[in-house]
Each structure stands twice: as structure tokens, then as C-alpha cells.
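**Q** Next up is a structure, given as C-alpha cells.
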Amino acid sequence: MYPPFLLAGIIVLAAVIIDLLWTTLWVDGGSGPLSGRLTTGVWHGLRRATGDHPRALSLAGPIILALTLAMWIGLIWLGWTLLFAGGTTALVDSQTGDPATWAGRLYYVAYTMFTSGNGDYTPTSSVWELVSSFTTATGMAFVTLGVSYVLSVLGAVSEKRAFASDVTGLGERSEAFVRTSWTGDAAASDYDSEIDSRHPNGGRASEAQNPFSGLDLPLESLASQLSLLAEQHKSYPILHYYHSDQAAQASAVAVPILDDSLTLFRHGIPDEEQPNPTLIEDARTSVHRYLETLDTAFIDPAAEEPPAPELERLREEGVPTVSDEEFDAALEELSERRRKLLGVVRADAWEWPPAK
């Protein structure tokens, strides 16, 4: 027996199995200890090497995913090879009867992991036959689990980009998002007169009269998409590192645009003309869930607040707004939230305002 090899094999196998199960099966656990370090190391290395070039960073996700899968397979292969090396003569050549060399052990483990072996090498005892069976079981089970994880991540990446495109399709700035949702005309006074006549007590206009009523279905859909995206980010932290080379397809761009738009709807538009408040709060809750993924991605809030949305851009299109002072006071209460959003933007190598 060679205890150092035996112990090293057990440690390597335990580490890779824990990391693989942690990453693929523990929904709230984030990345495992090994894959998490690999992910952040590759991401920060690419950012330094490329100077945050968008096209180069778009390769980060595929590279990290491929390296993670290769690391899992490689460490399982190495662990079993070390374990077989721990025996005095765990394997022998079936033709010559000579003990297996390191190359022979690597060859045997590779065949055993993916098939039932080819007979070139033979275990020397029932114990090593049992170890060979476990080698086949772990190879089949964990490699399949790793490949399934890769396919799940790729599906989540497509949904992530679809969400971003839906948001930026309505506006590449929060002010543009609100202007696109506005169905009133520039003569806001006509709308005000209608509200005064039908709602003499200053109540909210009905859904049919509200100039933002056309926003209900898109906002409900975006809130649902973002809630799903938040859960996917918790399940697959590697999604944080799938960088799009176009701002319009980046969720790190789309979420701040959406949240600033919700801030404008909630605090920048007079109460009687705001969109459905239930949908606004539901969408804001979805943003909050997304921001909770910062803990698993190790993304820190920015030290300063991002620039505030410009109410004047809305006024130029005839959209009624509150005073600048009232809006600024509301933004002060949202300081922490907006600094987190700025942290998300910068962590994905973008600038604020996120899209031009």
C-alpha cells in the first residue's frame, strides 16, 4: 500500500464530488468552492487582459462553463487514478501480468469511467473490482450530471438575453421606457380636464382612461421574466459571467433601466396618472429578488449613486411629472438600492446610463 497516494485520491474525489453536487444540485448554495474560484479567476483575468473589451468578455461565459466541466471530469479522473496507485498492485496487465504503470492506470480509469472497461488491465482483488465499479458509477453519474448542468445554463442564458431585449426594446434609457409607455397626447390639459370632471374628488382614473394602461401586459410579463431570471441566477451563478457584447442584450443593463423606469412611474408621475400600482410593486419586488443574487456573485454595491433619471426628458414629450424637489427626495430613500444596481452594471463591465 502507498498511503500518500491513497489519501490524495480520497481527498481529490471528495473535493470534486462536493463541488459538483454543491454547484449543480444546491439551488441556494451558489457555486462550489472549486468552481467558484475558477469562475471568478477566469472573469477577472479576462477583464485585466482585454481591458473590458465587450467582444472578448462575451467569451467569458463559454470559457468558464467549458473549464468547469473539464475540471470536474479531470479531477474525478485524477482522483481515481491516485486511488488505484495507492494499492501495491491494484491493477495488472491482463496479457503480461505486470503491474500497471501510471500511464496504464490513467488509461484504465478513463475507460472505466465512460465504459465498463476493455480488458487490457485487470483488478487484482475483489476490493479493487469493487473500486472499479464505483469508478464506472461516478463517471457515468457525475459526467451526465455535469453535462445536464451545462445544458440548463445555456437555456437560462437564452432567457436572460430575451428578457434584456424585451426591456431595451421599450427604451434604452428609463426616460425613453416611460415615454414609450405614455399613450396620452402632448396636450396634457385635456386629460387633466377629463379627470377633474369624472373624478371630482381627485381619485385615480380608471384603467381605460389611464394613459399608461397599455403598459400592464408588458410590465406583468417583464416582472415574471425577471423573477425567473433571479431564481436562475441563484441556481446558476455562472450566469453573472455570461457577458453580452451588445448592451441591448445584457440583463445587467436591462435591470437598472427597468428599475429606474419603475422609480419614475412610482415617484416621478403624479399619483392620479400612475400605472397600475399593483403591477409596479410586483415588478419592483422582482428587481429586489434579482439584487439578492449579489450575495452569491460577490458583487458589491457602488460607493456612489448613479445619475438620476431626468424628468425634463419626460416633460418635453408632454408627460406630466412631479416637481424636481419631490422626485429628488424620493431618490434619497432609494440610495442603497440604486448603488446596488450600479454595482451590477460595473461588475458586468458596463457604464451608467447603461445604454445609449
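**Q** Working only within region 22-74, note down all residues that are β-branched (Val, Ile, Thr) and more than 17 Å from ILE299 (Cβ to Cβ). Full working, then the answer.
**A** Taking region 22-74 first, the residues β-branched (Val, Ile, Thr) are 23-24, 27, 39-40, 42, 50, 63-64, 68, 73.
The answer is THR23, THR24, VAL27, THR50, ILE63, THR68, ILE73.
**Q** With respect to VAL153, is the statement that it is of a type in the set (Val, Ile, Thr), in a helix (DSSP H, G or I), open to solvent by 40 Å² or more (accessible area, probe 1.4 Å) and touching a residue at least 60 places away in the same chain (Cβ under 8 Å) true?
**A** Values: of a type in the set (Val, Ile, Thr): yes; in a helix (DSSP H, G or I): yes; open to solvent by 40 Å² or more (accessible area, probe 1.4 Å): no; touching a residue at least 60 places away in the same chain (Cβ under 8 Å): yes.
In short, no.
**Q** Which of (1) surrounded by 12 or more Cβ atoms within 10 Å (Cβ to Cβ); (2) touching a residue at least 40 places away in the same chain (Cβ under 8 Å) is the odd one out, the single condition SER148 does not satisfy?
**A** (1)
**Q** From GLU304, GLU310, GLU273, grab the single residue that is over 17 Å from the mean Cα position of the chain (by Cα) and free of Cβ contacts under 8 Å to residues at least 40 places away in the same chain.
**A** Criteria check complete, one pass: GLU304.
**Q** Related question: The conditions are (1) touching a residue at least 24 places away in the same chain (Cβ under 8 Å); (2) closer than 19 Å to ARG266 by Cβ; (3) open to solvent by 70 Å² or more (accessible area, probe 1.4 Å), and PRO320 fails exactly one of them. Which is it?
**A** Condition not satisfied by PRO320: (3).
**Q** To continue, here is another question. If ILE63 satisfies every condition in (1) under 19 Å from TYR2 (Cβ atoms); (2) open to solvent by 50 Å² or more (accessible area, probe 1.4 Å); (3) of a type in the set (A, V, I, L, M, F, W, C) but one, which is the exception?
**A** Here ILE63 meets the rest and fails (1).
**Q** Determine whether region 247-264 contains at least one residue that is open to solvent by 20 Å² or more (accessible area, probe 1.4 Å) and not in a helix (DSSP H, G or I).
**A** So the first thing to find is which residues in region 247-264 are open to solvent by 20 Å² or more (accessible area, probe 1.4 Å), and the list is 247-249.
Narrowing the set further to residues that are not in a helix (DSSP H, G or I) leaves none.
There is no residue in region 247-264 that is open to solvent by 20 Å² or more (accessible area, probe 1.4 Å) and not in a helix (DSSP H, G or I).
**Q** State all residues of region 116-127 that are on the phi < 0 side of the Ramachandran plot and either open to solvent by 30 Å² or more (accessible area, probe 1.4 Å) or at pLDDT below 85 (or both); if no residue qualifies, say none. Walk me through how you get there before you give the answer.
**A** Looking only at region 116-127, we keep the residues that are on the phi < 0 side of the Ramachandran plot, and these are 116, 118, 120-127.
If the condition is that a residue be on the phi < 0 side of the Ramachandran plot and either open to solvent by 30 Å² or more (accessible area, probe 1.4 Å) or at pLDDT below 85 (or both), then SER116, ASN118, ASP120, TYR121, THR122, THR124, SER125, SER126, VAL127 are the ones that fit.
**Q** If we scan region 282-301, do we find a residue that is in contact with a helix residue (DSSP H, G or I) (Cβ under 9 Å, 6 or more places away or on another chain), buried (at least 16 other Cβ atoms within 10 Å of the Cβ), among the charged types (D, E, K, R) and part of a loop (DSSP other than H, G, I, E, B)?
**A** No, every residue in region 282-301 fails to be in contact with a helix residue (DSSP H, G or I) (Cβ under 9 Å, 6 or more places away or on another chain), buried (at least 16 other Cβ atoms within 10 Å of the Cβ), among the charged types (D, E, K, R) and part of a loop (DSSP other than H, G, I, E, B).
**Q** Inside region 17-64, can you point out the residues that are under 27 Å from GLN246 (Cβ atoms) and among the basic types (Lys, Arg)?
**A** ARG47, ARG48, ARG55, listed by residue number.
The values are calculated or read from the model by the stated rules, or taken from the named source; none is laboratory data. In this text the structure is predicted, and so the values were computed from the model without any measurement. Cβ sites come from the backbone with ideal geometry, for glycine too, and all protein chains shown count toward neighbours. The area values use the complete protein model at the heavy-atom level, side chains included, leaving out ligands, DNA and RNA. Shrake-Rupley method; radii C 1.70, N 1.55, O 1.52, S 1.80 Å.
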